[in-house]
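Asker: Submitted below is the structure of interest, expressed as structure tokens.
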Amino acid sequence: MTRTWQPADAAAAGRQRAGLRPPLDPLQSAARARRFGSLYYLEHWLRAMRGYGWTVALTAVGTPLVYLFGLGVGLAALVDANTSAAASLGSGRPVPYLVFVAPALLATAAIMVATDENTYPVMSGFKWRRTYYGPNASPLSSHQLVNGHCLGVLCRLLLTTGLYFLFLLPAGAVLEASGWMMILTSALGGLAFGLPVMAYAARIEEDKGQFALVQRFIVMPLFLFSGTYFPLEAMPLVVRWIGWISPLWHSTELGRVLSYGQAEPAWLTAVHLGYLALLAVAGWLAARRIYARRLGK
Amino acid sequence: MISARNLTKKFGDVAAVDGISFEVRAGESFGLLGPNGAGKSTTMRMIGGVSRRSSGELAIMGLDPDRYGPEVRAHLGVVPQQDNLDEELRVRDNLIVYGRYFGLPHSYLRPKADELLEFAQLTDKAKSKIDALSGGMKRRLTIARSLINEPRMLLLDEPTTGLDPQARHILWDRLFRLKESGVTLILTTHYMDEAEQLCDRLIVVDKGRIMAEGSPAALIREHSTREVLELRFGSERNASVAAELAGIGERQETLPDRVLIYADDGEAALEQVSARGLRPLTTLVRRSSLEDVFLRLTGRSLID
């Protein structure tokens with residue numbers, strides 16, 4: 001509640017004048033910001049995430065529970081009973097469907113989180129809440145905002161994939177010791193999709209439902225055409241290219257190599273990794289350019 | 001503190017700021033007065049080291065903001081035109097997080113945040129959500145945030161636009177205290193009363209150019225008469241009556257809603273109007289303001 005001026009305020013003002021002095025002078029502040037600015041923004045990002053911590057936690061825990069239960073009890077039983085599985089283990093034994101689909105679930109969860117964090121929050125930073133303009137007036141640079149945001153998204157991705165992995169273990173969905181590395185590769189898959197989306201979101205001046213279109217016409221089709229619920233080879237050749245350019249397919253295939261030793265040539269594994277890294281770096285560079293242009297007007 | 005020479009900013013072919021020059025000294029309170037779209041905010045963003053100039057020279061504390069952006073910004077406190085507090089953080093956390101951008105340690109920021117909340121009269125709101133604050137409180141919190149690094153120079157872009165009169169007065173009081181404590185204030189406004197209250201010296205800006213420069217009193221003395229007689233004859237008649245007023249006062253302006261007669265003695269001018277048998281619906285004699293200066297210089301009113 002506002003109140004009118006009162007004599008006691010003079011004392012407060014006096015204290016302000018004799019107020020605490022910062023332990024750094026402006027040039028020292030600037031030097032620190034130049035070195036650690038990205039981490040300072042990450043700190044802000046993580047603090048703000050605490051505000052919707054429950055959502056983050058429920059998503060991270062609830063998603064694997066629902067999907068593993070639904071697929072493990074329902075679909076997997078059906079598939080395992082009725083198919084001579086398209087994928088097989090080294091010995092020719094068919095891969096249990098849950099094992100086959102688990103890396104895809106993990107990769108999918110990461111892409112969903114990356115989409116969440118790189119659409120509306122980015123738009124909000126520029127337009128609705130204008131939260132980017134505060135730090136932009138401080139010693140931080142626009143590049144550091146981008147870096148801090150990317151690091152924040154990476155933290156949330158690792159939290160999501162890490163927890164998901166912990167649910168996969170008792171479900172018997174991971175066969176190889178190298179399976180834990182899916183936590184990292186799926187997070188990379190999230191960045192490969194999320195950072196280009198971030199760059200796109202940063203370009204949008206007016207919300208005309210673009211994010212809903214991204215969700216419906218990019219994210220959803222990716223799930224259907226990326227060899228998630230069945231191998232890509234089961235698709236007609238004419239639509240297989242969608243999988244080949246889809247970060248979800250590359251992320252899922254990497255996961256299958258790590259999780260149950262899916263047989264594929266080493267060069268293909270390198271292509272998966274390289275492609276994901278390339279998309280992530282390209283998105284990051286584009287976002288840096290777009291943020292700098294938009295915040296520096 | 002600030003030195004600008006032929007400062008220019010172009011967006012495409014349009015010059016938002018068109019070769020302006022000015023100096024601001026330490027401890028001074030300096031204003032940019034002009035209508036919306038005059039180039040005030042663009043100038044502020046160049047001073048604030050976030051927008052690169054197209055040409056001209058600019059030095060803040062002797063530093064070129066295009067080259068030493070972080071160093072320039074570390075010297076400043078900035079209060080933007082639109083609040084950009086983080087609504088996902090509580091009131092006090094907004095201050096602490098902002099202080100971290102300056103590399104300041106938590107051991108300094110925690111007590112400093114409490115001190116600034118007291119200054120902004122928001123101590124009892126420390127743990128509130130931003131949504132729970134009124135417009136005036138958000139402005140005060142934004143000002144508190146801008147002081148987290150104890151800057152010697154504060155940039156305020158239309159600090160009281162959209163606030164009710166009481167909230168404006170509280171804010172002016174806080175700003176006046178900062179000025180008294182030696183902080184250099186640079187502010188833009190399109191409110192002439194705000195400029196008169198807070199500015200030692202100001203430039204009147206229109207279409208990216210400086211129209212006049214000086215203290216509020218000097219500008220009024222130079223570009224207007226001591227008093228102004230405002231006459232309202234009804235919106236239909238103002239223009240037609242204006243011709244019958246010829247010769248009264250030093251100068252006249254006919255606006256859609258009223259006729260202004262500039263005279264050193266407003267009451268005497270009013271007597272002359274009555275002597276001509278004219279009967280305005282309402283009359284008002286007032287002192288000249290910066291609004292009149294602006295009208296004189298540009299032929300337009302400050303607020304559209």
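The values are calculated or read from the model by the stated rules, or taken from the named source; none is laboratory data. Since this is a predicted model, take the numbers as computed values, not measurements. Methodologically, a virtual Cβ is constructed for each residue, glycine included, from the backbone with ideal geometry; neighbour enumeration extends over all protein chains shown. Note: areas computed on protein heavy atoms with side chains; ligands, DNA, RNA excluded. Shrake-Rupley method; radii C 1.70, N 1.55, O 1.52, S 1.80 Å.
Asker: Looking at B:LEU104, B:LEU85, B:LEU32, which is the one that is outside any helix (DSSP H, G or I) and either open to solvent by 10 Å² or more (accessible area, probe 1.4 Å) or farther than 21 Å from B:ARG145 by Cα (or both)?
Answerer: Working: B:LEU104 fails: either open to solvent by 10 Å² or more (accessible area, probe 1.4 Å) or farther than 21 Å from B:ARG145 by Cα (or both); B:LEU85 fails: either open to solvent by 10 Å² or more (accessible area, probe 1.4 Å) or farther than 21 Å from B:ARG145 by Cα (or both).
Residue meeting the stated conditions: B:LEU32.
Asker: Determine which member of the set A:LEU254, A:LEU213, A:LEU258, A:LEU222 is modelled with pLDDT under 95, over 15 Å from the mean Cα position of the chain (by Cα) and surrounded by 15 or more Cβ atoms within 10 Å (Cβ to Cβ).
Answerer: Details: A:LEU254 fails: modelled with pLDDT under 95; A:LEU213 fails: surrounded by 15 or more Cβ atoms within 10 Å (Cβ to Cβ); A:LEU258 fails: modelled with pLDDT under 95.
Every option except A:LEU222 fails the conditions.
Asker: A follow-up question, please. Where residues in the range B:141-176 are among the acidic types (Asp, Glu) and touching a residue at least 60 places away in the same chain (Cβ under 8 Å), which of them is farthest from the other protein chains (Cβ to nearest Cβ)? It would help to see each step written out before you state the result.
Answerer: Residues of the range B:141-176 among the acidic types (Asp, Glu): B:150, B:157-158, B:164, B:173.
Those still in the list that are touching a residue at least 60 places away in the same chain (Cβ under 8 Å) too: B:157-158.
Numbers: B:ASP157: 10, B:GLU158: 14 Å.
The selected residue is B:GLU158.
Asker: Just to be sure I understand, how many residues within the range B:71-92 are within 23 Å of B:ARG25 (Cα to Cα), touching a Gly at 6+ places or on another chain (Cβ under 8 Å) and free of Cβ contacts under 8 Å to residues at least 40 places away in the same chain?
Answerer: 2
Asker: Going through A:TRP241, A:TRP249 one at a time, which residue ends up being farther than 28 Å from A:TYR132 by Cα, open to solvent by 80 Å² or more (accessible area, probe 1.4 Å) and not in a loop (DSSP other than H, G, I, E, B)? Lay out the reasoning, then the answer.
Answerer: Values: A:TRP249 fails: open to solvent by 80 Å² or more (accessible area, probe 1.4 Å).
Being farther than 28 Å from A:TYR132 by Cα, open to solvent by 80 Å² or more (accessible area, probe 1.4 Å) and not in a loop (DSSP other than H, G, I, E, B) holds for just one of A:TRP241, A:TRP249, which is A:TRP241.
Asker: Regarding the range B:113-123, can at least one residue be identified that is within 23 Å of B:THR160 (Cα to Cα), charged (D, E, K, R), out of contact with any Leu (no Cβ under 7 Å at 6 or more places or on another chain) and within 8 Å of chain A (Cβ to nearest Cβ)? Show your work before the answer.
Answerer: At the first step, the residues of the range B:113-123 found to be within 23 Å of B:THR160 (Cα to Cα) are B:113, B:115-123.
Imposing the further condition that a residue be charged (D, E, K, R) reduces the set to B:115, B:118.
With the extra rule that they be out of contact with any Leu (no Cβ under 7 Å at 6 or more places or on another chain), the set shrinks to B:118.
Now drop any that are not within 8 Å of chain A (Cβ to nearest Cβ), which leaves B:118.
Yes, some residue in the range B:113-123 is within 23 Å of B:THR160 (Cα to Cα), charged (D, E, K, R), out of contact with any Leu (no Cβ under 7 Å at 6 or more places or on another chain) and within 8 Å of chain A (Cβ to nearest Cβ).
Asker: While we're on this one: Counting just the residues of the range B:38-80 that are part of a strand (DSSP E or B), in contact with a strand residue (DSSP E or B) (Cβ under 6 Å, 6 or more places away or on another chain) and more than 20 Å from B:ILE210 (Cα to Cα), which one comes out most open to solvent (accessible area, probe 1.4 Å)?
Answerer: Step one: list which residues in the range B:38-80 are part of a strand (DSSP E or B), which gives B:55-60, B:63, B:76-79.
Remaining after also requiring in contact with a strand residue (DSSP E or B) (Cβ under 6 Å, 6 or more places away or on another chain): B:55-60, B:76-79.
Add one more test, that the residue is more than 20 Å from B:ILE210 (Cα to Cα), and what stays is B:76-79.
Working: B:LEU76: 3, B:GLY77: 2, B:VAL78: 31, B:VAL79: 2 Å².
Applying the filter and picking the extreme gives B:VAL78.
Matching residues to (1) aliphatic (A, V, I, L, M); (2) away from chain B (no Cβ under 11 Å); (3) loosely packed, with under 15 Cβ neighbours inside 10 Å; (4) not in a helix (DSSP H, G or I):
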position: A:ARG35; (1), (2), (3), (4): no, no, yes, no
position: A:GLU43; (1), (2), (3), (4): no, no, no, no
position: A:MET49; (1), (2), (3), (4): yes, no, no, no
position: A:TRP54; (1), (2), (3), (4): no, yes, yes, no
position: A:ALA57; (1), (2), (3), (4): yes, yes, yes, no
position: A:THR63; (1), (2), (3), (4): no, yes, no, no
position: A:TYR67; (1), (2), (3), (4): no, yes, no, no
position: A:ALA77; (1), (2), (3), (4): yes, yes, yes, no
position: A:ASP80; (1), (2), (3), (4): no, yes, no, no
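Listed here are the residues, each with its yes/no results for (1) out of contact with any Ser or Thr (no Cβ under 8 Å at 6 or more places or on another chain); (2) among the aliphatic types (A, V, I, L, M).
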residue: B:ARG92; (1), (2): yes, no
residue: B:ILE96; (1), (2): yes, yes
residue: B:PRO105; (1), (2): yes, no
residue: B:LEU133; (1), (2): yes, yes
residue: B:MET137; (1), (2): no, yes
residue: B:THR142; (1), (2): yes, no
residue: B:LEU147; (1), (2): yes, yes
residue: B:LEU163; (1), (2): yes, yes
residue: B:TYR191; (1), (2): no, no
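Asker: Sticking with this one: How about the range A:141-195: which of its residues are part of a loop (DSSP other than H, G, I, E, B) and open to solvent by 50 Å² or more (accessible area, probe 1.4 Å)? Can you show your working first?
Answerer: We begin by selecting, within the range A:141-195, every residue part of a loop (DSSP other than H, G, I, E, B); these are A:141, A:169-176.
The answer is A:LEU169, A:PRO170, A:LEU175, A:GLU176.
Asker: Somewhere in the range B:248-265, is a residue open to solvent by less than 70 Å² (accessible area, probe 1.4 Å) and at positive phi? Before the answer, list the steps.
Answerer: Here is the first cut: in the range B:248-265, the ones open to solvent by less than 70 Å² (accessible area, probe 1.4 Å) are B:248-249, B:251-255, B:257-263.
Still in the list and also at positive phi: B:249.
Within the range B:248-265, one or more residues are open to solvent by less than 70 Å² (accessible area, probe 1.4 Å) and at positive phi.
Asker: Just one of (1) modelled with pLDDT of 95 or more; (2) touching a helix residue (DSSP H, G or I) at 6+ places or on another chain (Cβ under 9 Å); (3) small (Gly, Ala, Ser) trips up A:GLY243, so point out which.
Answerer: Among (1) modelled with pLDDT of 95 or more; (2) touching a helix residue (DSSP H, G or I) at 6+ places or on another chain (Cβ under 9 Å); (3) small (Gly, Ala, Ser), A:GLY243 violates only (1).
Asker: Which of the residues that make up the range A:118-134 are within 21 Å of A:GLY283 (Cα to Cα), open to solvent by less than 40 Å² (accessible area, probe 1.4 Å) and part of a helix (DSSP H, G or I)?
Answerer: Selection gives A:ASN118, A:VAL122, A:MET123, A:SER124, A:GLY125, A:PHE126.
Asker: Here's a check for you: in the range B:107-156, which residue that is more than 20 Å from B:VAL78 (Cα to Cα) and charged (D, E, K, R) is most open to solvent (accessible area, probe 1.4 Å)?
Answerer: Checking each candidate, the answer is B:LYS127.
Asker: In addition: Taking the range A:44-71 only, how many residues are without any contact (Cβ under 8 Å) to a residue 12 or more places away in the chain and over 29 Å from B:ARG92 (Cα atoms)?
Answerer: Number of matching residues: 4.
Asker: Among the hydrophobic types (A, V, I, L, M, F, W, C) and out of contact with any helix residue (DSSP H, G or I) (no Cβ under 8 Å at 6 or more places or on another chain) - does that describe any residue in the range B:282-291? Please lay out each step first, then the result.
Answerer: Residues of the range B:282-291 among the hydrophobic types (A, V, I, L, M, F, W, C): B:284-285, B:290.
Of the ones still in play, those that are also out of contact with any helix residue (DSSP H, G or I) (no Cβ under 8 Å at 6 or more places or on another chain) are B:284.
Checked the range B:282-291: at least one residue is among the hydrophobic types (A, V, I, L, M, F, W, C) and out of contact with any helix residue (DSSP H, G or I) (no Cβ under 8 Å at 6 or more places or on another chain).
Asker: Among the listed residues B:LYS138, B:LYS179, identify the single one that is in contact with a strand residue (DSSP E or B) (Cβ under 9 Å, 6 or more places away or on another chain), more than 10 Å from every other protein chain (Cβ to nearest Cβ) and farther than 18 Å from B:LYS40 by Cβ. If you could, list the steps in order and put the result at the bottom.
Answerer: Details: B:LYS138 fails: in contact with a strand residue (DSSP E or B) (Cβ under 9 Å, 6 or more places away or on another chain).
Just a single option satisfies the conditions, and that option is B:LYS179.
Asker: Continuing with this model, one more query. Report whether or not A:THR269 is part of a helix (DSSP H, G or I) and among the polar types (S, T, N, Q).
Answerer: Details: part of a helix (DSSP H, G or I): yes; among the polar types (S, T, N, Q): yes.
Considered against the rule, which asks whether it is part of a helix (DSSP H, G or I) and among the polar types (S, T, N, Q), A:THR269 comes out as yes.
Asker: For residues that are in contact (Cβ under 8 Å) with a residue 12 or more places away in the chain and either part of a helix (DSSP H, G or I) or within 28 Å of the chain's Cα centre (by Cα) (or both), tally how many sit in the range B:107-126.
Answerer: From the range B:107-126, those in contact (Cβ under 8 Å) with a residue 12 or more places away in the chain are B:109-110, B:112-114, B:116-117, B:119-122, B:125-126; that's our starting set.
From what's left, either part of a helix (DSSP H, G or I) or within 28 Å of the chain's Cα centre (by Cα) (or both): B:109-110, B:112-114, B:116-117, B:119-122, B:125.
Total meeting the criteria: 12.
Asker: Any idea which residue in the range B:46-67 is farthest from the other protein chains (Cβ to nearest Cβ), counting only those that are out of contact with any Pro (no Cβ under 9 Å at 6 or more places or on another chain) and of a type in the set (D, E, K, R)?
Answerer: By that ranking, first place goes to B:GLU57.
Asker: Out of contact with any Gly (no Cβ under 6 Å at 6 or more places or on another chain) and either on the phi < 0 side of the Ramachandran plot or modelled with pLDDT under 85 (or both): does that describe B:ALA195? Please lay out each step first, then the result.
Answerer: Working: out of contact with any Gly (no Cβ under 6 Å at 6 or more places or on another chain): no; either on the phi < 0 side of the Ramachandran plot or modelled with pLDDT under 85 (or both): yes.
Criteria not met by B:ALA195.
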